[in-house]
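Below is one structure, written out as structure tokens; the observations come after it.
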Amino acid sequence: MSTVLVLAGRGDAPVRRPVLQLLTLARRLGEPAAVVFGEPRPDLLVALGGHGAGTVHAVAVPEGHPPAAATPALVDLIRRTAPVAVLAGADPTDRELAARLAVRLDSGVITDAVDVRAGTDGPVATRSVFAGAMLVDGVVRRGTPIVTVRPNAVTAEPAPTTPVVERVEPATADPVPVARVVSRTARQVGDRPDLTEAAVVVAGGRGVGSAEGFALIERVAAVFGAAVGASRAATDLNWWPHELQIGQTGKTVAPQLYLAAGISGAIQHRAGMQGSRVVVAINKDPKAPIFRTADFGVVGDLHTVLPALASEIERL
Ligand code: FAD
């Protein structure tokens, strides 16, 4: 059976949920093998092995260099192992690597897939386009298909195995990288989970009324262990950080549950959240477009509905 390479990020960091989802998708195409940058820590190995990675390729990345510096070593690895596909996540590093690999391998890249399956002409990747109005199936017709996949495209399913670690040295032909990492700062708002990886997202819009009003959104998020996002109206008003804006010009999220409070549901906002499994909308206008996307709608003032919702769930 052919291998499927999954880019699993840094070896010195805990596993990210999307990586486990990629391993689950990879099993539909062949035998998953993970690639990490640097030496994998024990808990990472356990998580990768627990989701079917029979091999973990540990690619040496020179200290201070971004993962892109490992592209030549990755290219060598792909040429040597001839995987049926390379699956990557949707974060900026994975996207950059995917593009670099496709260029260096003279193959093709499909970005932002919401599903991947085996087909007669190789892996078929489904993309959601025109703000989710259409689904498009694509195949790469030359070389190794490189596919970046949105978080939460599938539910991660365990498939325990004991991974073999294979160390991959930097390629001898490595050019001196043009970029160097000077410092790393993790920006997090409170202790909320990452917006693009969270299973539950609570988002507020102009209807929240003020920056202080977002304390209520955070309270509800805390009850669910959710990430907090916002519409562009709310971020433009500086009620919530711009990097947590959801939509066409913000982040794309696809959680199990998306709770939209005081958001009208403009097409540019829906473009970033309509991959969500269940959408609950709270809006005082019964004609708000968000109700056309929502699975459940509450017509009412969020300042009344959200505290009642939080109290009810806190009691459970
Ligand atoms: P509004 O449209 O003003 O809606 C507020 C809603 O809150 C209303 O439906 C109202 O009924 C409801 N409300 C008010 N008070 C309450 C209350 N007390 N309780 C309950 N409900 C209440 N937008 C994005 O979100 N993300 C993007 O990435 C994005 N990109 C864009 C890119 C371009 C090129 C353009 C042109 C626009 C973009 N927009 C984006 C903006 C988008 O068109 C909308 O203007 C924006 O999404 C509106 O935000 P909103 O729903 O919070 O505000």
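The values are calculated or read from the model by the stated rules, or taken from the named source; none is laboratory data. Quick caveat: nothing in here was measured; it's all calculated off a predicted structure. Every residue, glycine among them, receives a Cβ derived from its backbone with ideal geometry; neighbour counts consider all protein chains shown. Ligands, DNA and RNA are excluded from the accessible area calculation, which covers all protein heavy atoms including side chains. Shrake-Rupley method; radii C 1.70, N 1.55, O 1.52, S 1.80 Å.
Of all residues in segment 290-305, those satisfying the criterion of being surrounded by fewer than 17 Cβ atoms within 10 Å (Cβ to Cβ) and away from the ligand (no atom under 11 Å from the Cβ) are Arg292, Asp295, Phe296. Sub-6 Å Cβ pairs linking a first residue in segment 276-293 that is without any contact (Cβ under 8 Å) to a residue 60 or more places away in the chain to a second residue that is of a type in the set (Ser, Thr, Tyr) and open to solvent by less than 30 Å² (accessible area, probe 1.4 Å), at least 6 apart or interchain, are Val279/Tyr258, ordered by first then second residue. Among residues of segment 219-233 that are closer than 13 Å to Gly250 by Cβ and part of a helix (DSSP H, G or I), those with a beta-carbon under 8 Å from a residue that is within 9 Å of the ligand (Cβ to nearest atom) and of a type in the set (Gly, Ala, Ser) at least six positions away or on a different chain give the pairs Arg232/Gly247; Arg232/Gly250; Ala233/Gly205.
Report, ordered by the first and then the second residue, all pairs with beta carbons closer than 9 Å, sequence separation of six or more or different chains, a first member in segment 249-260 that is more than 10 Å from Leu195 (Cβ to Cβ), and a second member that is of a type in the set (D, E, K, R). Hits for this filter: Thr249/Arg232; Ala254/Arg150; Ala254/Arg277; Gln256/Arg277; Leu257/Arg277; Tyr258/Arg277. If you check Glu39, Glu63 for being free of Cβ contacts under 8 Å to residues at least 12 places away in the same chain, open to solvent by 10 Å² or more (accessible area, probe 1.4 Å) and in a loop (DSSP other than H, G, I, E, B), only one passes: Glu63. In this entry, Ala254 is excluded by the filter for residues that are touching a helix residue (DSSP H, G or I) at 6+ places or on another chain (Cβ under 9 Å), outside any helix (DSSP H, G or I) and not acidic (Asp, Glu). Counting only residues that are within 9 Å of the ligand (Cβ to nearest atom), assigned to a loop (DSSP other than H, G, I, E, B) and buried (at least 19 other Cβ atoms within 10 Å of the Cβ), segment 274-289 holds 1 of them.
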